[in-house]
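Written out below as structure tokens is the structure these notes cover.
We did not get these values from a lab; they are worked out from the coordinates using the rules stated. What you are looking at is a predicted structure, and each value in this text was computed from that prediction instead of being measured. Here the Cβ is made from the backbone with ideal geometry for all residues, glycine too, and neighbour counts use every protein chain on show.
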Amino acid sequence: MKFALTFLLTSFMTALNAATPPPGASSAFTSTYPIVVLARQLFEAGEFAKAEKLLKEGGVTAESDLKPRTELLEVIRRTRLDYPTTQAELLDKIRADIPDATAKDLQRWIDAGYVTSRKIDGQLKIFNDEPKNLYIFCQEARSRMEAKKPKETGGWQLIDHLGQIVKEAGTSGKAEVLPVKHHVNFSLTVPGGTEGMKTGSVLRIWLPMPQEYRQQKNVKLISSTPEYKILAPSAVDHGLVQGAAMRTIYFEKTVEDPAKDQVFAINYEFSSYAYCPELKDSEVQPLPSDFPPEYLAERLPHIEFTPEVKKLAGEIVGTETNSLAKARKIFHWISANIPWHAEEEYSTIPSICNKALKIHTGDCGVQSLTFQTLCRAAGVPTRWQSGWETKPSHNSMHDWCEIYIAPWGWLPCDPSYGVKKSDNPKVRDFYFGHQDSYRMIFNLDYGRQFIPPKETFRTDPLDSQRGEVELDGKNLYLDKWKYKMNFTTTPGGI
């Protein structure tokens, strides 16, 4: 029965994915309904209370207008969660790292733009990940913090791993080298006593699941608790990505005791190879005549060929006509001009690329989508990839992408890792066209529907790395549940 249901849903997903690509954004940001447009302008201007009042009290002229209004109210609520901190509270956080920091220091750093903040109903509110961005962008604050908390040295080093990949690929002549076996335990918990959860409530859970894809192999689900209902198959890459482009494992559970934690856990393993093909500008070939135009097109609101984007892409690539060389120039530009910083939840951002080009900072997904937008505007096909980075020194959610260059096909690019500091040019530009061994790929596109479909406003309508939760047909946002990911990695394992 599971197989038959999965087959039918996969067929549905293949047909759905062949249609116009979904925006990967809330309808709050794509709606043209006048009340939503005006409320959106108020929201972007920091007038949250006025926007909420308009959305709640303005008349509804059509059923289709209700969804974007409801979603914009939720976007406003989520944004408040992203900006919960006062200046006094941030100063207390900073003093844990810099005991002699003063209110004048903080005001100076805020005035200089080092602290991520926004005005909400006339009050300055601080981003919940601060002082992380402060320490990234303010040399003074970082130096004072490191004087009290020196950086740890030694241990596993990424740059050494990249050198080993380049050496092994050159010696063996193989593109896929240095496999690492991953064993993963992932759990998502809806706490007992969660508002609205009662005896007989139905929880629907989608947990991300690794794809079988080129350098990622031997994906095996070992166990699940409780028993899963649907394991989506890996996506199929026939021109356009078909099937489960965002792969998940789906649970459905009727709650017996709402006072108890509801835990959903999976245990799986896979092998990830480094991918390091030999790339030469002189060997680049034209795109196939039947290449899908979707990967060269706009995808509003996050990939938009604004006049600014077209102008910038032209300035970066200049007179270059070689597609590999054009993409390399854009990769270098992103690395030099869009530094990483901790970012808001994607569900609250109206247009990711437009935001990045306005403030010239962004996290990995923002850097990736900006790279993709500029590449497409310059005539180089791109597509999204995401999952987790699984390095022994650090693991976290991560986004990157691929470019299509004939004759090699799809090549991984990680604008967030960018140009590395190395005397070896193959290591320095490694993340342009290559990938390390410590990756877990969940998604071969963004914003795609799950198997089975999830119709409510997702916690992340663009990405899928932590899971999605519904309680009695209503989405539960991040503030209502928690997740945990544990990795064991073994070099050489297959």
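In table form, for the structure just shown:
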{"read-out": "Options 252, 269, 227: the member that is of a type in the set (Asp, Glu), part of a loop (DSSP other than H, G, I, E, B) and farther than 27 Å from residue 337 by Cα", "value": "227"}
{"read-out": "Residue satisfying all of: in region 399-409; touching a residue at least 40 places away in the same chain (Cβ under 8 Å) and not β-branched (Val, Ile, Thr); surrounded by the most Cβ atoms within 10 Å (Cβ to Cβ) among these", "value": "399"}
{"read-out": "Test set (1) closer than 20 Å to residue 157 by Cα; (2) surrounded by fewer than 21 Cβ atoms within 10 Å (Cβ to Cβ) - residue 455 fails condition number", "value": "(1)"}
{"read-out": "Of residues in region 96-124 being more than 19 Å from residue 139 (Cβ to Cβ) and part of a helix (DSSP H, G or I), the one nearest to the chain's Cα centre (by Cα)", "value": "96"}
{"read-out": "Unique residue being surrounded by 19 or more Cβ atoms within 10 Å (Cβ to Cβ) and more than 18 Å from residue 394 (Cα to Cα) when the list is 120, 165", "value": "165"}
{"read-out": "Filtered residue count, region 66-79, keeping only those that are in contact with a helix residue (DSSP H, G or I) (Cβ under 7 Å, 6 or more places away or on another chain) and either without any contact (Cβ under 8 Å) to a residue 12 or more places away in the chain or not β-branched (Val, Ile, Thr) (or both)", "value": "7"}
{"read-out": "Single residue of 158, 188, 134 found to be touching a Gly at 6+ places or on another chain (Cβ under 9 Å) and either surrounded by fewer than 17 Cβ atoms within 10 Å (Cβ to Cβ) or of a type outside the set (Asp, Glu) (or both)", "value": "188"}
{"read-out": "Single condition residue 228 does not satisfy, out of (1) without any contact (Cβ under 8 Å) to a residue 40 or more places away in the chain; (2) closer than 30 Å to residue 430 by Cα; (3) hydroxyl-bearing (Ser, Thr, Tyr)", "value": "(2)"}
{"read-out": "Residues located in region 141-167, provided they are touching a residue at least 24 places away in the same chain (Cβ under 8 Å), not β-branched (Val, Ile, Thr) and not in a loop (DSSP other than H, G, I, E, B)", "value": "141, 144, 145, 148, 158, 161, 162, 163"}
{"read-out": "Among the candidates 442, 450, 487, residue that is touching a residue at least 40 places away in the same chain (Cβ under 8 Å), among the aromatic types (Phe, Trp, Tyr) and assigned to a loop (DSSP other than H, G, I, E, B)", "value": "450"}
